[in-house]
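What follows is a short report on a single structure.
The values are calculated or read from the model by the stated rules, or taken from the named source; none is laboratory data. All of these numbers come straight from a predicted model, not from anything done at the bench. Reconstructed Cβ throughout: ideal geometry from the backbone, glycine too, with neighbour counts over all protein chains shown. Surface areas here come from the heavy atoms of the whole protein model, side chains and all, with no ligands, DNA or RNA. Shrake-Rupley method; radii C 1.70, N 1.55, O 1.52, S 1.80 Å.
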Amino acid sequence: MSARTDALTSWHDDWSGLRVAVFGLGMTGFAVADTLAELGADVLVIAGRPDADRERILEVLGVPVEIASDADAVPERLVEFAPELVVTSPGYAPHHALLRWAADAGLPIWGDIELAWRLRDKTGTPSQWVLVTGTNGKTTTTQLAAHMFAQGGVRVAPAGNIGIPVLDAVRDPEGFEVLVVEISSYQLHFTHTVSPLAAVVLNIAEDHLDWHGSFDAYRAAKGRAYERVQRACVYNLADPATERLVEQADVIDGARAIGFGVDVPGPSNLGVVDGILVDRAFLDDRRNSALELATLDDLRARNLGARHLVEDVLAAAALARAYGVEPAAIREAITTFTPDRHRNELVLSEAGVMWVDDSKATNTHAAQASLSAYRSVVWVVGGLLKGVDISPLVAAHADRVRSAIVIGVDRDEVLRAFAQHAPGVRVIEIDVRDTSEVMPEVVARASEVALDGDTVLLAPAAASMDQFDSYGDRGDKFRAAVERMAQRGAGQDASNLGGDSEPER
(Lines give C-alpha, C1' and ligand atoms only; values in the text may rest on other atoms or scores of the structure.)
Protein backbone atom coordinates (compact mmCIF):
# COMPACT_ATOMS: atom_id res chain seq x y z
CA MET A 1 0.00 0.00 0.00
CA SER A 2 1.40 3.37 -0.98
CA ALA A 3 2.34 5.89 1.68
CA ARG A 4 -0.31 8.32 0.49
CA THR A 5 -3.22 5.87 0.43
CA ASP A 6 -2.11 4.34 3.72
CA ALA A 7 -2.44 7.76 5.35
CA LEU A 8 -5.96 8.40 4.00
CA THR A 9 -8.09 7.34 6.98
CA SER A 10 -10.63 10.16 7.24
CA TRP A 11 -13.15 12.04 5.14
CA HIS A 12 -11.30 15.18 6.17
CA ASP A 13 -7.92 14.06 4.80
CA ASP A 14 -6.70 15.43 1.48
CA TRP A 15 -8.01 13.16 -1.27
CA SER A 16 -7.75 15.82 -3.97
CA GLY A 17 -6.00 14.75 -7.15
CA LEU A 18 -5.59 11.13 -6.02
CA ARG A 19 -5.79 9.00 -9.18
CA VAL A 20 -8.29 6.22 -8.49
CA ALA A 21 -9.45 3.52 -10.90
CA VAL A 22 -12.91 2.22 -10.04
CA PHE A 23 -13.78 -1.22 -11.41
CA GLY A 24 -17.50 -1.67 -12.08
CA LEU A 25 -20.49 0.57 -12.81
CA GLY A 26 -23.21 -1.20 -10.86
CA MET A 27 -24.66 0.15 -7.61
CA THR A 28 -21.34 -0.30 -5.80
CA GLY A 29 -19.09 1.13 -8.49
CA PHE A 30 -21.34 4.12 -9.03
CA ALA A 31 -21.46 4.91 -5.29
CA VAL A 32 -17.65 4.64 -5.10
CA ALA A 33 -17.11 6.94 -8.08
CA ASP A 34 -19.66 9.47 -6.83
CA THR A 35 -18.04 9.55 -3.38
CA LEU A 36 -14.50 9.92 -4.68
CA ALA A 37 -15.58 12.71 -7.04
CA GLU A 38 -17.07 14.55 -4.07
CA LEU A 39 -13.74 14.18 -2.29
CA GLY A 40 -11.91 15.73 -5.24
CA ALA A 41 -10.11 12.61 -6.42
CA ASP A 42 -9.26 12.08 -10.09
CA VAL A 43 -11.44 9.08 -11.00
CA LEU A 44 -11.58 6.72 -13.98
CA VAL A 45 -14.33 4.08 -14.07
CA ILE A 46 -13.73 0.82 -15.95
CA ALA A 47 -16.99 -1.03 -16.66
CA GLY A 48 -17.71 -4.34 -18.32
CA ARG A 49 -20.86 -3.04 -19.96
CA PRO A 50 -22.47 0.35 -20.53
CA ASP A 51 -25.04 1.99 -18.27
CA ALA A 52 -26.33 5.09 -20.03
CA ASP A 53 -28.04 6.65 -17.00
CA ARG A 54 -25.08 6.29 -14.66
CA GLU A 55 -22.60 7.31 -17.34
CA ARG A 56 -24.61 10.49 -17.91
CA ILE A 57 -24.53 11.40 -14.22
CA LEU A 58 -20.81 10.68 -13.94
CA GLU A 59 -20.15 12.81 -17.00
CA VAL A 60 -21.74 15.74 -15.17
CA LEU A 61 -19.44 14.99 -12.22
CA GLY A 62 -16.42 14.96 -14.50
CA VAL A 63 -15.81 11.21 -14.15
CA PRO A 64 -14.96 9.41 -17.41
CA VAL A 65 -16.10 5.85 -18.04
CA GLU A 66 -14.23 3.31 -20.16
CA ILE A 67 -16.20 0.27 -21.35
CA ALA A 68 -13.95 -2.79 -21.31
CA SER A 69 -16.06 -5.59 -22.76
CA ASP A 70 -13.05 -7.91 -23.19
CA ALA A 71 -12.64 -9.44 -19.73
CA ASP A 72 -9.16 -10.72 -20.57
CA ALA A 73 -7.67 -7.40 -21.67
CA VAL A 74 -6.42 -4.34 -19.77
CA PRO A 75 -7.56 -1.12 -21.47
CA GLU A 76 -4.77 1.13 -22.66
CA ARG A 77 -6.59 4.06 -21.13
CA LEU A 78 -6.26 2.46 -17.69
CA VAL A 79 -2.53 1.91 -18.16
CA GLU A 80 -2.06 5.52 -19.28
CA PHE A 81 -4.12 6.77 -16.33
CA ALA A 82 -1.54 5.20 -13.98
CA PRO A 83 -3.80 4.94 -10.93
CA GLU A 84 -2.45 5.23 -7.41
CA LEU A 85 -5.37 3.23 -6.00
CA VAL A 86 -7.93 0.70 -7.26
CA VAL A 87 -11.39 0.41 -5.70
CA THR A 88 -13.17 -2.65 -7.06
CA SER A 89 -16.77 -3.81 -7.09
CA PRO A 90 -17.40 -7.26 -5.58
CA GLY A 91 -18.31 -8.70 -8.98
CA TYR A 92 -14.64 -8.66 -9.97
CA ALA A 93 -12.94 -11.83 -8.73
CA PRO A 94 -9.27 -11.72 -7.72
CA HIS A 95 -8.30 -13.68 -10.83
CA HIS A 96 -9.92 -11.10 -13.16
CA ALA A 97 -7.40 -9.63 -15.63
CA LEU A 98 -7.87 -6.10 -14.27
CA LEU A 99 -7.15 -7.13 -10.69
CA ARG A 100 -4.20 -9.29 -11.71
CA TRP A 101 -2.79 -6.26 -13.52
CA ALA A 102 -3.31 -4.06 -10.45
CA ALA A 103 -1.73 -6.62 -8.14
CA ASP A 104 1.27 -7.10 -10.44
CA ALA A 105 1.70 -3.32 -10.49
CA GLY A 106 1.79 -3.25 -6.68
CA LEU A 107 -1.30 -1.05 -6.44
CA PRO A 108 -3.40 -0.99 -3.26
CA ILE A 109 -6.77 -2.64 -3.95
CA TRP A 110 -9.79 -1.75 -1.81
CA GLY A 111 -13.45 -2.59 -1.91
CA ASP A 112 -16.31 -0.20 -1.14
CA ILE A 113 -16.36 -1.42 2.48
CA GLU A 114 -12.73 -0.47 3.02
CA LEU A 115 -13.34 2.97 1.49
CA ALA A 116 -16.46 3.53 3.60
CA TRP A 117 -14.61 2.55 6.78
CA ARG A 118 -12.00 5.22 6.16
CA LEU A 119 -14.65 7.86 5.42
CA ARG A 120 -17.04 7.08 8.27
CA ASP A 121 -16.24 10.29 10.20
CA LYS A 122 -17.77 12.67 7.65
CA THR A 123 -20.50 13.90 10.01
CA GLY A 124 -18.38 13.94 13.16
CA THR A 125 -17.98 11.06 15.59
CA PRO A 126 -17.50 7.87 13.53
CA SER A 127 -20.24 5.27 13.78
CA GLN A 128 -19.58 1.90 15.38
CA TRP A 129 -19.85 -1.01 12.97
CA VAL A 130 -21.03 -4.55 13.53
CA LEU A 131 -20.47 -7.04 10.72
CA VAL A 132 -22.76 -9.92 9.74
CA THR A 133 -21.55 -12.61 7.36
CA GLY A 134 -21.95 -16.35 6.77
CA THR A 135 -23.10 -18.65 4.02
CA ASN A 136 -26.75 -18.30 5.05
CA GLY A 137 -28.89 -16.20 7.38
CA LYS A 138 -27.08 -12.88 6.87
CA THR A 139 -30.07 -10.77 5.88
CA THR A 140 -32.40 -11.96 8.63
CA THR A 141 -29.69 -11.53 11.27
CA THR A 142 -28.80 -8.06 9.99
CA GLN A 143 -32.42 -6.95 10.05
CA LEU A 144 -32.96 -8.41 13.51
CA ALA A 145 -29.85 -6.78 14.92
CA ALA A 146 -30.73 -3.38 13.44
CA HIS A 147 -34.25 -3.67 14.88
CA MET A 148 -32.82 -4.52 18.30
CA PHE A 149 -30.49 -1.51 18.22
CA ALA A 150 -33.38 0.73 17.19
CA GLN A 151 -35.59 -0.57 20.02
CA GLY A 152 -32.71 0.24 22.36
CA GLY A 153 -32.82 3.88 21.28
CA VAL A 154 -29.75 3.71 19.05
CA ARG A 155 -29.64 5.63 15.76
CA VAL A 156 -28.86 2.70 13.49
CA ALA A 157 -29.00 1.67 9.84
CA PRO A 158 -28.74 -1.73 8.19
CA ALA A 159 -26.23 -1.32 5.37
CA GLY A 160 -24.05 -3.13 2.89
CA ASN A 161 -25.88 -5.82 0.95
CA ILE A 162 -29.09 -4.84 2.75
CA GLY A 163 -30.71 -1.52 3.48
CA ILE A 164 -28.62 1.34 2.12
CA PRO A 165 -25.17 1.15 0.49
CA VAL A 166 -22.46 1.67 3.09
CA LEU A 167 -21.07 4.73 1.32
CA ASP A 168 -24.52 6.30 1.32
CA ALA A 169 -24.82 5.57 5.03
CA VAL A 170 -21.53 7.27 5.91
CA ARG A 171 -22.56 10.29 3.85
CA ASP A 172 -25.95 10.64 5.53
CA PRO A 173 -26.03 14.23 6.86
CA GLU A 174 -27.52 13.14 10.21
CA GLY A 175 -25.02 10.34 10.75
CA PHE A 176 -25.57 7.05 12.59
CA GLU A 177 -24.37 5.74 15.91
CA VAL A 178 -24.22 2.16 14.61
CA LEU A 179 -24.14 0.55 11.19
CA VAL A 180 -25.11 -3.11 10.99
CA VAL A 181 -23.25 -4.16 7.86
CA GLU A 182 -24.22 -7.28 5.96
CA ILE A 183 -21.00 -8.18 4.20
CA SER A 184 -20.21 -10.87 1.64
CA SER A 185 -17.06 -12.91 1.25
CA TYR A 186 -16.37 -10.90 -1.92
CA GLN A 187 -16.35 -7.66 0.04
CA LEU A 188 -14.40 -9.10 2.96
CA HIS A 189 -11.64 -10.19 0.60
CA PHE A 190 -10.80 -6.54 -0.10
CA THR A 191 -10.89 -5.20 3.48
CA HIS A 192 -7.66 -4.16 5.19
CA THR A 193 -8.27 -1.80 8.14
CA VAL A 194 -11.93 -2.34 9.11
CA SER A 195 -12.17 -2.71 12.90
CA PRO A 196 -15.76 -3.48 13.92
CA LEU A 197 -17.14 -3.34 17.43
CA ALA A 198 -18.47 -6.87 16.95
CA ALA A 199 -18.80 -9.39 14.15
CA VAL A 200 -20.52 -12.71 13.51
CA VAL A 201 -19.81 -15.49 11.04
CA LEU A 202 -23.10 -17.38 11.17
CA ASN A 203 -21.99 -20.54 9.39
CA ILE A 204 -19.58 -21.82 6.76
CA ALA A 205 -20.46 -24.10 3.84
CA GLU A 206 -19.13 -24.46 0.32
CA ASP A 207 -20.27 -21.53 -1.81
CA HIS A 208 -18.85 -19.07 -4.35
CA LEU A 209 -15.92 -21.36 -5.08
CA ASP A 210 -15.72 -20.07 -8.65
CA TRP A 211 -14.98 -16.56 -7.32
CA HIS A 212 -12.56 -17.52 -4.54
CA GLY A 213 -10.90 -20.43 -6.28
CA SER A 214 -11.12 -22.85 -3.34
CA PHE A 215 -13.05 -23.54 -0.17
CA ASP A 216 -10.02 -22.59 1.91
CA ALA A 217 -9.91 -19.18 0.24
CA TYR A 218 -13.65 -18.71 0.75
CA ARG A 219 -13.36 -19.64 4.43
CA ALA A 220 -10.38 -17.32 4.88
CA ALA A 221 -12.34 -14.44 3.37
CA LYS A 222 -15.19 -15.03 5.82
CA GLY A 223 -12.71 -15.09 8.67
CA ARG A 224 -11.62 -11.54 7.85
CA ALA A 225 -14.83 -10.39 9.53
CA TYR A 226 -13.16 -11.14 12.89
CA GLU A 227 -9.95 -9.24 12.16
CA ARG A 228 -9.43 -6.25 14.45
CA VAL A 229 -12.73 -6.82 16.31
CA GLN A 230 -12.89 -4.56 19.34
CA ARG A 231 -15.39 -6.23 21.66
CA ALA A 232 -17.11 -9.45 20.56
CA CYS A 233 -16.39 -12.20 18.03
CA VAL A 234 -19.73 -14.01 17.84
CA TYR A 235 -19.61 -17.58 16.51
CA ASN A 236 -21.93 -20.55 16.00
CA LEU A 237 -21.53 -23.32 18.56
CA ALA A 238 -23.05 -25.78 16.08
CA ASP A 239 -20.45 -24.93 13.42
CA PRO A 240 -16.90 -25.53 14.70
CA ALA A 241 -15.44 -23.85 11.61
CA THR A 242 -16.68 -20.48 12.87
CA GLU A 243 -14.96 -20.97 16.22
CA ARG A 244 -11.71 -21.84 14.46
CA LEU A 245 -11.94 -18.57 12.54
CA VAL A 246 -12.22 -16.72 15.85
CA GLU A 247 -9.20 -18.55 17.22
CA GLN A 248 -7.16 -17.57 14.16
CA ALA A 249 -8.21 -13.91 14.13
CA ASP A 250 -5.97 -11.02 15.17
CA VAL A 251 -8.34 -9.03 17.39
CA ILE A 252 -8.02 -5.94 19.54
CA ASP A 253 -6.89 -6.75 23.09
CA GLY A 254 -9.92 -7.39 25.27
CA ALA A 255 -12.20 -8.72 22.53
CA ARG A 256 -14.16 -11.79 23.65
CA ALA A 257 -15.37 -14.95 21.91
CA ILE A 258 -19.15 -15.24 22.31
CA GLY A 259 -20.90 -18.44 21.23
CA PHE A 260 -24.56 -18.90 20.37
CA GLY A 261 -26.64 -22.05 20.00
CA VAL A 262 -30.02 -23.57 20.71
CA ASP A 263 -28.80 -25.66 23.68
CA VAL A 264 -28.20 -24.67 27.30
CA PRO A 265 -25.38 -22.11 27.15
CA GLY A 266 -22.19 -22.08 29.12
CA PRO A 267 -20.65 -18.87 30.47
CA SER A 268 -19.90 -16.35 27.70
CA ASN A 269 -22.57 -17.87 25.44
CA LEU A 270 -26.18 -17.26 24.47
CA GLY A 271 -28.60 -20.16 24.24
CA VAL A 272 -31.92 -21.67 25.23
CA VAL A 273 -33.02 -22.97 28.64
CA ASP A 274 -36.50 -24.51 29.07
CA GLY A 275 -37.89 -22.60 26.09
CA ILE A 276 -36.29 -19.30 27.13
CA LEU A 277 -33.56 -17.49 25.16
CA VAL A 278 -30.91 -16.38 27.65
CA ASP A 279 -27.69 -14.38 27.76
CA ARG A 280 -24.84 -15.77 29.86
CA ALA A 281 -22.23 -13.58 28.21
CA PHE A 282 -22.94 -9.94 28.94
CA LEU A 283 -23.47 -9.87 32.70
CA ASP A 284 -21.14 -9.81 35.66
CA ASP A 285 -22.19 -13.08 37.32
CA ARG A 286 -22.33 -15.13 34.13
CA ARG A 287 -21.10 -18.30 35.86
CA ASN A 288 -24.13 -18.49 38.13
CA SER A 289 -26.93 -16.61 36.39
CA ALA A 290 -28.40 -15.58 33.05
CA LEU A 291 -30.51 -12.80 31.59
CA GLU A 292 -33.82 -13.67 29.93
CA LEU A 293 -34.15 -12.25 26.43
CA ALA A 294 -37.33 -13.82 25.01
CA THR A 295 -39.17 -17.13 24.78
CA LEU A 296 -39.48 -19.61 21.96
CA ASP A 297 -43.19 -18.84 21.99
CA ASP A 298 -42.31 -15.21 21.26
CA LEU A 299 -40.32 -16.39 18.24
CA ARG A 300 -42.99 -18.75 16.98
CA ALA A 301 -45.51 -15.93 17.08
CA ARG A 302 -43.29 -14.01 14.63
CA ASN A 303 -42.62 -17.06 12.39
CA LEU A 304 -39.08 -17.35 13.78
CA GLY A 305 -39.43 -20.72 15.47
CA ALA A 306 -37.37 -22.85 13.06
CA ARG A 307 -34.00 -23.86 14.48
CA HIS A 308 -31.92 -21.84 12.02
CA LEU A 309 -34.04 -18.75 12.69
CA VAL A 310 -33.64 -19.18 16.46
CA GLU A 311 -29.89 -19.20 15.81
CA ASP A 312 -30.22 -15.99 13.79
CA VAL A 313 -32.10 -14.35 16.66
CA LEU A 314 -29.43 -15.37 19.16
CA ALA A 315 -26.64 -14.11 16.90
CA ALA A 316 -28.37 -10.77 16.46
CA ALA A 317 -28.98 -10.52 20.20
CA ALA A 318 -25.28 -11.16 20.88
CA LEU A 319 -24.32 -8.27 18.59
CA ALA A 320 -26.82 -5.95 20.24
CA ARG A 321 -25.79 -7.00 23.75
CA ALA A 322 -22.12 -6.38 22.83
CA TYR A 323 -23.05 -2.74 22.31
CA GLY A 324 -25.11 -2.60 25.50
CA VAL A 325 -28.71 -2.90 24.29
CA GLU A 326 -30.85 -3.96 27.24
CA PRO A 327 -32.66 -7.34 27.32
CA ALA A 328 -36.08 -5.66 27.46
CA ALA A 329 -35.37 -3.83 24.20
CA ILE A 330 -34.25 -7.08 22.58
CA ARG A 331 -37.48 -8.82 23.56
CA GLU A 332 -39.51 -5.88 22.25
CA ALA A 333 -37.62 -6.07 18.97
CA ILE A 334 -38.28 -9.81 18.62
CA THR A 335 -41.99 -9.48 19.34
CA THR A 336 -42.38 -6.74 16.70
CA PHE A 337 -40.13 -8.17 14.00
CA THR A 338 -41.40 -9.34 10.62
CA PRO A 339 -39.07 -11.58 8.59
CA ASP A 340 -38.33 -10.76 4.97
CA ARG A 341 -40.23 -12.31 2.11
CA HIS A 342 -39.24 -15.74 0.79
CA ARG A 343 -37.41 -16.71 3.98
CA ASN A 344 -39.33 -19.56 5.60
CA GLU A 345 -42.50 -17.57 4.86
CA LEU A 346 -45.82 -19.25 5.65
CA VAL A 347 -48.04 -18.77 2.60
CA LEU A 348 -51.08 -20.80 3.69
CA SER A 349 -52.13 -23.26 6.37
CA GLU A 350 -55.29 -25.13 5.48
CA ALA A 351 -56.69 -28.64 5.81
CA GLY A 352 -53.73 -29.58 7.98
CA VAL A 353 -51.18 -28.68 5.30
CA MET A 354 -48.69 -25.82 5.55
CA TRP A 355 -47.38 -24.19 2.37
CA VAL A 356 -44.02 -22.54 3.03
CA ASP A 357 -41.96 -20.31 0.72
CA ASP A 358 -38.24 -20.54 1.43
CA SER A 359 -37.20 -19.66 -2.11
CA LYS A 360 -34.19 -17.87 -0.59
CA ALA A 361 -32.75 -21.34 0.09
CA THR A 362 -30.62 -21.17 -3.05
CA ASN A 363 -27.93 -23.59 -1.89
CA THR A 364 -27.80 -26.91 -0.07
CA HIS A 365 -26.75 -25.40 3.25
CA ALA A 366 -29.83 -23.14 3.36
CA ALA A 367 -32.12 -25.97 2.27
CA GLN A 368 -30.64 -28.19 4.98
CA ALA A 369 -31.70 -25.69 7.63
CA SER A 370 -35.13 -25.32 6.10
CA LEU A 371 -35.83 -29.05 5.80
CA SER A 372 -34.73 -29.61 9.40
CA ALA A 373 -37.53 -27.37 10.61
CA TYR A 374 -40.38 -29.69 9.50
CA ARG A 375 -41.40 -33.26 10.31
CA SER A 376 -43.06 -34.42 7.10
CA VAL A 377 -42.28 -32.60 3.87
CA VAL A 378 -43.43 -32.41 0.28
CA TRP A 379 -40.24 -30.86 -1.02
CA VAL A 380 -40.14 -28.59 -4.06
CA VAL A 381 -36.51 -28.85 -5.14
CA GLY A 382 -34.27 -28.03 -8.09
CA GLY A 383 -33.12 -25.27 -10.40
CA LEU A 384 -29.54 -24.31 -11.24
CA LEU A 385 -27.29 -26.44 -9.02
CA LYS A 386 -24.09 -24.68 -10.15
CA GLY A 387 -22.13 -27.92 -9.99
CA VAL A 388 -23.05 -28.68 -6.36
CA ASP A 389 -23.76 -32.31 -5.44
CA ILE A 390 -27.22 -32.47 -3.89
CA SER A 391 -26.92 -36.17 -2.95
CA PRO A 392 -25.78 -35.65 0.67
CA LEU A 393 -28.76 -33.37 1.30
CA VAL A 394 -31.20 -35.89 -0.16
CA ALA A 395 -29.67 -38.73 1.87
CA ALA A 396 -29.75 -36.73 5.10
CA HIS A 397 -33.47 -35.99 4.83
CA ALA A 398 -34.86 -39.07 3.15
CA ASP A 399 -36.75 -39.96 6.34
CA ARG A 400 -38.68 -36.67 6.47
CA VAL A 401 -39.33 -36.12 2.74
CA ARG A 402 -42.60 -37.89 1.91
CA SER A 403 -42.63 -36.68 -1.67
CA ALA A 404 -40.33 -34.61 -3.88
CA ILE A 405 -41.43 -32.34 -6.70
CA VAL A 406 -38.44 -31.68 -8.93
CA ILE A 407 -38.11 -28.53 -11.05
CA GLY A 408 -35.35 -26.79 -12.99
CA VAL A 409 -32.85 -27.47 -15.75
CA ASP A 410 -30.67 -29.67 -13.54
CA ARG A 411 -33.46 -32.13 -12.79
CA ASP A 412 -31.46 -35.18 -13.87
CA GLU A 413 -28.95 -34.69 -11.04
CA VAL A 414 -31.75 -34.37 -8.51
CA LEU A 415 -33.61 -37.40 -9.86
CA ARG A 416 -30.44 -39.52 -9.69
CA ALA A 417 -29.84 -38.42 -6.11
CA PHE A 418 -33.31 -39.57 -5.07
CA ALA A 419 -33.02 -42.85 -6.98
CA GLN A 420 -29.74 -43.63 -5.24
CA HIS A 421 -30.24 -42.24 -1.75
CA ALA A 422 -34.03 -42.11 -1.19
CA PRO A 423 -35.60 -44.77 -3.43
CA GLY A 424 -38.67 -44.98 -1.18
CA VAL A 425 -39.60 -41.33 -1.72
CA ARG A 426 -42.25 -40.59 -4.34
CA VAL A 427 -40.67 -38.28 -6.92
CA ILE A 428 -42.64 -36.09 -9.32
CA GLU A 429 -40.81 -34.42 -12.19
CA ILE A 430 -42.18 -31.12 -13.52
CA ASP A 431 -41.33 -30.98 -17.22
CA VAL A 432 -43.17 -28.11 -18.87
CA ARG A 433 -41.94 -25.95 -21.75
CA ASP A 434 -43.70 -22.76 -20.64
CA THR A 435 -41.89 -21.47 -17.53
CA SER A 436 -45.03 -19.57 -16.48
CA GLU A 437 -46.66 -22.96 -15.93
CA VAL A 438 -43.96 -24.34 -13.62
CA MET A 439 -45.43 -23.22 -10.31
CA PRO A 440 -49.10 -23.86 -11.19
CA GLU A 441 -48.09 -27.42 -12.07
CA VAL A 442 -45.98 -27.72 -8.88
CA VAL A 443 -48.88 -26.64 -6.70
CA ALA A 444 -51.38 -28.84 -8.52
CA ARG A 445 -49.22 -31.92 -8.07
CA ALA A 446 -48.38 -31.04 -4.46
CA SER A 447 -52.06 -30.68 -3.61
CA GLU A 448 -52.62 -34.22 -4.92
CA VAL A 449 -50.03 -35.78 -2.61
CA ALA A 450 -49.98 -33.54 0.50
CA LEU A 451 -51.61 -35.06 3.58
CA ASP A 452 -52.74 -33.70 6.92
CA GLY A 453 -49.56 -32.86 8.86
CA ASP A 454 -47.41 -32.25 5.78
CA THR A 455 -45.51 -29.11 4.86
CA VAL A 456 -45.23 -28.29 1.18
CA LEU A 457 -41.83 -26.64 1.26
CA LEU A 458 -40.30 -24.58 -1.53
CA ALA A 459 -36.61 -24.83 -0.56
CA PRO A 460 -35.00 -25.49 -3.94
CA ALA A 461 -31.33 -25.78 -2.87
CA ALA A 462 -30.54 -24.19 -6.23
CA ALA A 463 -30.43 -20.86 -8.02
CA SER A 464 -33.51 -19.67 -9.85
CA MET A 465 -32.38 -18.02 -13.07
CA ASP A 466 -33.09 -21.05 -15.27
CA GLN A 467 -36.86 -20.61 -15.02
CA PHE A 468 -37.41 -17.41 -13.01
CA ASP A 469 -36.08 -13.86 -12.85
CA SER A 470 -34.84 -14.30 -9.27
CA TYR A 471 -35.48 -16.26 -6.08
CA GLY A 472 -38.06 -13.57 -5.26
CA ASP A 473 -39.85 -14.13 -8.55
CA ARG A 474 -39.79 -17.89 -7.90
CA GLY A 475 -41.34 -17.38 -4.48
CA ASP A 476 -43.93 -14.91 -5.77
CA LYS A 477 -45.07 -17.36 -8.44
CA PHE A 478 -45.30 -20.12 -5.84
CA ARG A 479 -47.45 -17.92 -3.60
CA ALA A 480 -49.67 -16.86 -6.49
CA ALA A 481 -50.27 -20.48 -7.50
CA VAL A 482 -51.08 -21.50 -3.91
CA GLU A 483 -53.50 -18.60 -3.51
CA ARG A 484 -55.25 -19.40 -6.80
CA MET A 485 -55.66 -23.01 -5.71
CA ALA A 486 -57.04 -21.92 -2.34
CA GLN A 487 -59.53 -19.58 -4.03
CA ARG A 488 -60.75 -22.39 -6.25
CA GLY A 489 -61.06 -24.65 -3.25
CA ALA A 490 -63.10 -22.04 -1.38
CA GLY A 491 -65.82 -22.38 -4.01
CA GLN A 492 -66.12 -26.11 -3.48
CA ASP A 493 -67.68 -28.09 -0.64
CA ALA A 494 -64.30 -29.46 0.44
CA SER A 495 -60.74 -28.24 0.06
CA ASN A 496 -58.32 -30.08 -2.18
CA LEU A 497 -55.36 -28.87 -0.17
CA GLY A 498 -54.82 -32.14 1.67
CA GLY A 499 -55.83 -35.77 1.56
CA ASP A 500 -56.69 -38.19 4.30
CA SER A 501 -54.19 -38.52 7.08
CA GLU A 502 -51.88 -41.50 7.33
CA PRO A 503 -49.55 -42.74 10.05
CA GLU A 504 -46.28 -40.88 10.37
CA ARG A 505 -43.46 -42.51 8.39
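Consider the stretch 106-134 and keep the residues that are among the acidic types (D, E) and not in a loop (DSSP other than H, G, I, E, B). The one that is farthest from T88 (Cα to Cα) is E114.
Report yes if S370 is open to solvent by less than 10 Å² (accessible area, probe 1.4 Å), part of a loop (DSSP other than H, G, I, E, B), in contact (Cβ under 8 Å) with a residue 40 or more places away in the chain and among the polar types (S, T, N, Q), otherwise no. Against the criterion (open to solvent by less than 10 Å² (accessible area, probe 1.4 Å), part of a loop (DSSP other than H, G, I, E, B), in contact (Cβ under 8 Å) with a residue 40 or more places away in the chain and among the polar types (S, T, N, Q)), S370 does not qualify.
Of the strands (runs of 3 or more DSSP E) lying entirely inside the stretch 396-473, those containing at least 1 residues that are surrounded by fewer than 15 Cβ atoms within 10 Å (Cβ to Cβ) and not acidic (D, E) are 426-429. Scanning the stretch 154-167 for residues that are open to solvent by 50 Å² or more (accessible area, probe 1.4 Å) and modelled with pLDDT under 90 yields N161, G163, I164.
Would the stretch 251-261 turn up any residue that is touching a Leu at 6+ places or on another chain (Cβ under 8 Å), open to solvent by 20 Å² or more (accessible area, probe 1.4 Å) and either within 26 Å of H95 (Cβ to Cβ) or free of Cβ contacts under 8 Å to residues at least 40 places away in the same chain (or both)? Checking the stretch 251-261: not a single residue is touching a Leu at 6+ places or on another chain (Cβ under 8 Å), open to solvent by 20 Å² or more (accessible area, probe 1.4 Å) and either within 26 Å of H95 (Cβ to Cβ) or free of Cβ contacts under 8 Å to residues at least 40 places away in the same chain (or both). For R77, are the conditions met, namely being within 30 Å of the chain's Cα centre (by Cα) and charged (D, E, K, R)? So R77 does not fit the description; no.
Looking only at residues in the stretch 332-358 that are buried (at least 19 other Cβ atoms within 10 Å of the Cβ) and charged (D, E, K, R), the one that is modelled with the lowest pLDDT is R343.
Go through the residues of the stretch 135-153 one by one and say whether even a single one is at pLDDT 95 or above and in a loop (DSSP other than H, G, I, E, B). The answer is yes; a qualifying residue exists. Specify the residue that is most open to solvent (accessible area, probe 1.4 Å); the eligible residues are those in the stretch 280-301 that are in contact (Cβ under 8 Å) with a residue 24 or more places away in the chain and touching a Pro at 6+ places or on another chain (Cβ under 7 Å). Restricting to residues being in contact (Cβ under 8 Å) with a residue 24 or more places away in the chain and touching a Pro at 6+ places or on another chain (Cβ under 7 Å), the top hit is E292.
Taking each residue of the stretch 392-421 that is farther than 19 Å from A369 by Cβ and among the polar types (S, T, N, Q) and looking for partners that are part of a strand (DSSP E or B) and open to solvent by 50 Å² or more (accessible area, probe 1.4 Å) with beta-carbon atoms closer than 8 Å, six or more apart or interchain, yields S403/R426; S403/V427. So which residues in the stretch 59-90 are small (G, A, S) and closer than 26 Å to D6 by Cβ, if there are any at all? Within the stretch 59-90, A82, S89 meet the criteria.
Just a yes or no: is a residue in the stretch 135-153 touching a His at 6+ places or on another chain (Cβ under 6 Å) and crowded, with 19+ Cβ neighbours inside 10 Å? Yes, the stretch 135-153 has at least one match. In summary, A320 fulfils each of the numbered conditions (1) touching a helix residue (DSSP H, G or I) at 6+ places or on another chain (Cβ under 9 Å); (2) closer than 30 Å to P460 by Cα; (3) crowded, with 20+ Cβ neighbours inside 10 Å with the single exception of condition (2).
Residues that are under 13 Å from L107 (Cβ atoms) and among the hydroxyl-bearing types (S, T, Y) were ranked within the stretch 1-33; the one that is surrounded by the fewest Cβ atoms within 10 Å (Cβ to Cβ) is S2. Close contacts from the stretch 203-226, counting a first residue that is among the acidic types (D, E) and a second that is at pLDDT 75 or above, with Cβ to Cβ under 7 Å and a gap of 6+ residues or different chains, come to E206/F215; D207/T135; D207/Y218; D207/N363. The residues of the stretch 39-52 that are surrounded by 15 or more Cβ atoms within 10 Å (Cβ to Cβ) and small (G, A, S), listed by number, are A41, A47, G48. Just one of the numbered conditions (1) in contact (Cβ under 8 Å) with a residue 12 or more places away in the chain; (2) at positive phi; (3) not β-branched (V, I, T) is not true of A93: (2). Among the numbered conditions (1) within 19 Å of A145 (Cα to Cα); (2) crowded, with 20+ Cβ neighbours inside 10 Å; (3) modelled with pLDDT of 95 or more, the only one that P265 does not meet is (1).
Just to be sure before I move on: is L36 over 26 Å from T133 (Cα atoms), in contact (Cβ under 8 Å) with a residue 24 or more places away in the chain, buried (at least 22 other Cβ atoms within 10 Å of the Cβ) and not basic (K, R) in the structure I sent? It is true that L36 is over 26 Å from T133 (Cα atoms), in contact (Cβ under 8 Å) with a residue 24 or more places away in the chain, buried (at least 22 other Cβ atoms within 10 Å of the Cβ) and not basic (K, R). Scoring K386 on the criteria (1) buried (at least 20 other Cβ atoms within 10 Å of the Cβ); (2) closer than 20 Å to G472 by Cβ; (3) basic (K, R) leaves a single failure, condition (1).
Test L179 against the stated conditions and say whether it is open to solvent by less than 20 Å² (accessible area, probe 1.4 Å), modelled with pLDDT of 90 or more, closer than 20 Å to F337 by Cα and outside any loop (DSSP other than H, G, I, E, B). The answer is yes for L179. Taking the criterion of being among the β-branched types (V, I, T) and either more than 27 Å from H308 (Cα to Cα) or touching a strand residue (DSSP E or B) at 6+ places or on another chain (Cβ under 7 Å) (or both), the residues of the stretch 432-474 that qualify are V432, T435, V438, V442, V449, T455, V456. Screening L25, L36 for residues that are part of a loop (DSSP other than H, G, I, E, B) and of a type in the set (A, V, I, L, M) leaves exactly one candidate, L25.
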